[in-house]
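What follows is one structure encoded as structure tokens, with my remarks underneath.
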Amino acid sequence: MKRGNRLWSGEGIALYETDLADRLMLEFEDEAVCEAAYRIQTLLRRHVLNSSFEERLGGRTFLIRRVEPLDVEVVAEAEPGEVRLAFAGAGGTLTREQALAALGRQSRLEKMEDVGAHAARSLRAHLSLRGIDRLRLRLRFGITADGTCLLQVVNPLGCDLGTNDMRKLTALLGG
């Protein structure tokens with residue numbers, strides 16, 4: 001597989017075309033951030049949460065499914081016994097009604113809520129065994145060519161997972 005043109009970069013990552021129309025390469029600037037992201041994806045996959053993540057190609061690069069990003073993000077906060085969800089867009093915080101209007105589909109909003117809550121509960125449960133009781137996730141979603149709504153790869157730089165030290169976070173996430 002060949003890496004093509006860079007499509008986007010920011011937040012410690014860059015996105016590249018590949019010679020496969022429905023796949024992209026996601027490259028992290030930092031090895032520790034990449035490892036933490038890989039551990040998050042592996043944990044979510046074990047909890048039956050599909051995302052755009054396909055596989056780690058080696059080094060700091062993931063192969064991901066191509067998605068058209070949605071303009072609405074889910075912000076999930078989890079602590080013992082509670083998960084709270086909020087929505088965000090380019091203009092800041094959105095109400096549920098504003099998020100629905102931006103997405104245009106009730107089913108898409110409900111899918112994002114379900115996945116956001118499930119991801120937050122799964123990660124919090126795992127990290128709570130290691131002394132982290134509260135976390136905050138910024139979850140982005142996208143639509144595949146066949147219309148499937150998928151969670152995008154979780155970038156740990158956009159989340160509060162109990163530490164900003166990516167090596168410590170990787171250890172907390174386990175192998």
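Since every read-out is calculated from the coordinates, none of them should be taken as a lab result. All values reported here derive from a predicted model rather than from experimental measurement. For neighbour counting, all protein chains shown are included, and Cβ atoms are generated from backbone atoms with ideal geometry for every residue, glycine included.
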(request) Would you mind ranking ILE40, ILE143 by Cβ crowding within 10 Å, fewest neighbours first? (result) ILE143, ILE40
(request) Using the Cα centre as the reference, give the magnitude of the dipole from point charges on the C-beta atoms of segment 68-166 (Lys, Arg: +1; Asp, Glu: -1; all else neutral), rounded to the nearest 20 debye. (result) 100 debye
(request) State, to one decimal in nm, how far the label point of THR163 lies from the label point of THR95, with both points 7 Å from Cα in the Cβ direction. (result) 4.1 nm
(message) If neighbour count is taken as other Cβ atoms inside 10 Å, put HIS47, HIS118, HIS126 in order from fewest to most.
(response) HIS47, HIS118, HIS126
(message) Given all pairs of different Cα atoms, what value in angstroms does the Kirkwood hydrodynamic radius of segment 3-65 take?
(response) 11.9 Å
(request) Treat the chain as a sphere of radius equal to its Kirkwood radius over Cα pairs and apply Stokes-Einstein at 25 °C in a medium of 0.890 mPa s; give the translational diffusion coefficient in µm²/s, rounded to a whole number. (result) 149 µm²/s
(message) Pick from ALA37, ALA90, ALA120 the residue whose mean-square fluctuation is largest in a GNM of the chain, springs joining Cα atoms under 10 Å.
(response) ALA90
(request) Counting helices only, and only those DSSP H runs with n ≥ 4, report the 222 nm mean residue ellipticity of the chain as the sum of -39,500 (n - 2.57) divided by its residues, in deg cm²/dmol to the nearest 500. (result) -10000 deg cm²/dmol
